[in-house]
Amino acid sequence: MFSDRRYPPLSYCNISPCSGYLATGSWSGLVKLWRLPSCNPVATLTGHNGRIGAVTFSPQAGLADNVACLSSCDSDGVVNLWSMSSTRPVAHLPGHGCRVARLNYHPSGRFLGTACYDHSWRFWDLETTNEILHQEGHSGPVYSISFHRDGSLLATGGLDSYCRVWDLRTGRAVLFLEGHLKSVLSCDFAPDGYHLGTGSEDNSCKIWDLRQHKSIYSIPAHNNMVTYCKFAGTPNNSMLLTASYDSTAKVWSHKGWMPLKSLSGHDNKVMCVDCSWDKKYIVTASYDRTF
């Protein structure tokens, strides 16, 4: 466990595609980079005044140090793009007039999706920093966003308790997933391409089969709200991770949805969980200011 107790709570963590770096974001507005597995600090990135909602590595991170390979968003609606060679943003995505809760890269690395508190999500071309799509459909703030592994679909979860799946070719919603009793705080596509996981304020994680257009399993995952869910691995060898306000993160089998491991040690809410592509490292970020 590594402590950053001089600053406000940690809100997000993300491991680079090469598994060599970890990015963390906090309510202080700072983004920090750490070397893995030593967890030695590498850089502190300054460019936000609001609370960090998410910080995410591009799928192409590591190809070159002087190109944008990291993005972050905050409660003021600021979205910054970063390179590994500077502690200041190399670009901004303008136009968000409200809190941006989450963001995620398209599998190609060229595009970025942002989930916004104005009940919409946006799709950006990072080469031009232009907005391609600005889509509404939720009746409450959009809190989570995830891309399908082949880049054709996008899922959004909202504080209206619903999840929607969108066709990026048309910008239209193709699936409306109803079943959670409270806000959907996280969503993620499974590596197999046809399962989707959603984590909710109702303490559960639901598994949806996109072929059947319905929930096929509801995991009574935690004793408090599920803040994050994440699939890790390959189509033939994957697992599901969940994080919760009950101060734990858990690992579940895919596809049996059986508990494999409960990760405890934090003194407060676990805000986020991530896993390296080879499943060698699991990282959690907590309200107790540690990861």
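The values are calculated or read from the model by the stated rules, or taken from the named source; none is laboratory data. The shown structure was predicted, so the numbers you read here are calculated from the model rather than taken from an experiment. Cβ: placed from backbone, ideal geometry, glycine included. Neighbour counts: every protein chain shown. These area figures cover heavy atoms from the full protein model, side chains too; ligands, DNA and RNA do not enter into them. Shrake-Rupley method; radii C 1.70, N 1.55, O 1.52, S 1.80 Å.
Calculate the translational D of the chain in whole µm² s⁻¹ from Stokes-Einstein, where the hydrodynamic radius comes from the Kirkwood formula applied to all Cα pairs, the temperature is 37 °C and the viscosity 0.692 mPa s.
Values: Rh = 18.6 Å.
It comes out at roughly 177 µm²/s.
With +1 assigned to the C-beta of every Lys and Arg and -1 to the C-beta of every Asp and Glu, and no other charges, what is the dipole magnitude of segment 129-220 about the Cα centre in debye, to the nearest 20?
Values: 8 positive and 11 negative charges, 37 e Å.
Dipole magnitude for segment 129-220 comes out near 180 debye.
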In the chain, taking the dipole from +1 charges on Lys and Arg beta carbons and -1 charges on Asp and Glu beta carbons about the Cα centre, the listed residue (S264, C187, G109) farthest towards the positive end is S264
Positive end of the dipole of the chain, charges at C-beta (+1 Lys, Arg; -1 Asp, Glu), about the Cα centre: which of L241, V165, F147 has its Cα farthest in that direction?
L241
Per residue accessible area in Å² of segment 54-147, where ligands, DNA and RNA are left out and the probe is 1.4 Å:
38 Å²
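Working out 0.36 nm times the residue gap between C98 and N223, then minus their Cα-Cα distance, what length gain in nm do you get to one decimal?
Working: separation 125, 0.36 × 125 = 45.00 nm, distance 3.11 nm.
Answer, rounded to one decimal: 41.9 nm.
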Heavy-atom accessible area of K214 with all protein chains present, probe 1.4 Å, nearest 10 Å²?
110 Å²
How far apart, in nm, are two points set 7 Å out from the Cα along the Cα-to-Cβ line at T44 and at D150?
4.6 nm
Label E127 and S139 with points 7 Å out from Cα along Cα→Cβ: what is the distance between them in nm?
4.1 nm
Along each principal axis of its Cα atoms, how long is segment 19-106 end to end? Whole angstroms, biggest number first, please.
37, 24, 21
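If the only charges are +1 at each Lys and Arg Cβ and -1 at each Asp and Glu Cβ, what is the size of the charge dipole of segment 70-153 around the Cα centre, to the nearest 20 debye?
On the way: 6 positive and 8 negative charges, 43 e Å.
I would put it at about 200 debye.
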What is the ratio of the Cα radius of gyration of segment 144-291 to 2.2 N^0.38 Å, with N the residue count, to two decimals?
0.98
Could you size up the charge dipole of the chain around its Cα centre, putting +1 on the beta carbon of Lys and Arg and -1 on that of Asp and Glu, and report it in debye to the nearest 20?
480 debye
Just how much of R88 is accessible, in Å², when a 1.4 Å probe is used and the result is rounded to the nearest 10?
130 Å²
Just for the Cα atoms in segment 39-159, what are the lengths along the principal axes, largest first, rounded to whole Å?
41, 33, 29
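Say the cut-off is 20 Å between C-alpha atoms; which of K250/K279; K230/K269; K206/K255; K206/K279; K182/K279 go over it? Walk me through the numbers on the way to the answer.
Details: K250/K279 14 Å; K230/K269 17 Å; K206/K255 13 Å; K206/K279 22 Å; K182/K279 30 Å.
Exceeds cut-off: K206/K279; K182/K279.
With all protein chains present and a 1.4 Å probe, how do L240, L168 order by accessible area, largest first? Don't jump to the answer; show the numbers that get you there.
Numbers: L240 0, L168 30 Å².
Largest accessible area first, the list is L168, L240.
Quick check on segment 149-222: what does the Kirkwood estimate of hydrodynamic radius come out to from the alpha carbon pairs, in Å?
Values: mean 1/r = 0.0819 Å⁻¹.
Result for segment 149-222 stands at 12.2 Å.
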Tell me the label-point distance for the pair Y194, Y7, using the 7 Å Cα-to-Cβ offset, in nm and rounded to one decimal.
4.3 nm
